[in-house]
Amino acid sequence: MITITKLSEKHLEQVKAIQIEDSQVEFAGIASEFLNDICDTTHLHVIEYQGNVIGYFKLDLAYAQKYDFCPKDAVGIRAFVIDKRQQGNGYGKQAVHALFPYVREFYPEYSQIYLTVNCRNNPAYQCYKKAGFEDTNEKYLGSPAGANYIMKGMC
């Protein structure tokens, strides 16, 4: 079973060992970048399967302040990664699906989740759609990696 928890010191070595396909680095960054992006409004989380860290992501509480497409009652997801050795097992879809009850329980002030996914990253786009996100039919064009789909989900 997939579980989501806030990053703690006990997870650090496993997070550092996460491997990302070279083609995915431009979309999500590497583990060291993930670990260096902690602040009051960026909460780091890990994705675990049977007690082992298989991925991570950031919950950005200030997403609506940074992106005008994001409503004030929404939290943002960034840098969502599943270890390349664990891909193809459905863990990404399960983890994305688990985001909704997780945010509802631990971040009840947010009723929506927003994210952007690069238009060239079709596997991630399909994963988000299958797990309950919908395409807003708008594009975010401010990413250095190119155009992104804007997606949202209701908590």
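Observations, loosely collected:
- Dipole-positive endmost among HIS43, ILE2, ALA28 within the chain (Cβ charges, Cα centre): ILE2
- Sum of -39500 (n - 2.57) over DSSP H runs of 4+, divided by residues of the chain (222 nm, nearest 500): -8000 deg cm²/dmol
- Table column - 3J(HN,Hα) (Hz), the stretch 58-65, Karplus curve with 6.51, -1.76, 1.60, x for Gly and Pro: 10, 9, 9, 6, 9, 4, 5, 6
- Once the Cα-Cα distance is subtracted from the 0.36 nm per residue extended length, the LYS16 to ASN137 segment shows a gain of 40.0 nm.
- Here the Karplus relation 6.51 cos²θ - 1.76 cosθ + 1.60, evaluated at θ = phi - 60°, turns the backbone of the stretch 66-71 into coupling constants of 8, 10, 5, 7, 9, x Hz, with x for every Gly and Pro.
- Each residue, CYS39 and ARG85, gets one label point 7 Å from its Cα in the Cβ direction; the gap between the two is 3.4 nm.
- Taking LEU44, LEU35 and counting other C-beta atoms within 10 Å, the order from fewest to most: LEU35, LEU44
- Cβ-defined net charge surrounding TYR128, 14 Å radius [Lys, Arg +1; Asp, Glu -1]: +3
- HN-Hα J in Hz across the stretch 38-47 - Karplus 6.51, -1.76, 1.60, θ = phi - 60°, x for Gly and Pro: 9, 7, 4, 9, 10, 9, 8, 10, 10, 10
- Across the alpha-carbon atoms of the stretch 2-154, the computed radius of gyration and Dmax are 14.2, 40 angstrom.
- Burial ranking of peptide ranges 66-75, 133-142 (average Cβ count within 10 Å, highest at the top): 66-75, 133-142
- Flagged links, alpha-carbon separation over 18 Å, of LYS6/LYS58; LYS72/LYS152; LYS6/LYS72; LYS130/LYS152: LYS6/LYS72
- For LYS72, net neighbour charge (Lys/Arg +1, Asp/Glu -1) across residues whose Cβ lies under 15 Å away: -2
None of the figures in this text is laboratory data; all of them are computed from the coordinates on show. Since the structure is predicted, the reported quantities are computational estimates derived from the model, not experimental observations. Backbone-built Cβ (ideal geometry, glycine too); neighbour counts: all protein chains shown.
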